[in-house]
């Protein structure tokens, strides 16, 4: 029996990631192979545990919000968002885990988008997190709404639990 290297890699990737409760879709189209793994749902945010669960087999995997694999859009990480402020025709752009979160809203449009407002040096800035999944978007928006008033850095440090 012949297995192409893409198929072998995909199976190994899905198997190894399943040990940590992290799944993604793999499409290896250059050779016609397609492997799909299901995505693990987000459970809840925790602050009292370290970056990883001590026993992966006995409970959820814990990881920092900033490292969560589902905070991405088409394989591009969206945390932290790009922060912008528009004054007339001038747009000021900032990067990084800066400022204090002042508002969170789930976008009404067709995209899975969470819109954020921060206060940075007494100036308002906006940013958006894009997601591939509306379910994950809603869950992350809920976590963020519960943390309005905290710094973006503190929010990035939040531990999120994933099911295994």
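The values are calculated or read from the model by the stated rules, or taken from the named source; none is laboratory data. These numbers were taken from a predicted model, which means no experiment stands behind them. With ideal geometry, Cβ positions are generated from the backbone for all residues, glycine too; neighbour counts draw on all protein chains shown.
Here are some notes:
- Checking the stated criteria, residue 144 turns out to be under 16 Å from residue 65 (Cβ atoms) and in the same structural domain as residue 69 (by TED's automatic domain parsing).
- Any hit, region 57-74, residues being more than 22 Å from residue 161 (Cα to Cα), surrounded by 13 or more Cβ atoms within 10 Å (Cβ to Cβ) and either modelled with pLDDT of 95 or more or touching a helix residue (DSSP H, G or I) at 6+ places or on another chain (Cβ under 7 Å) (or both): no
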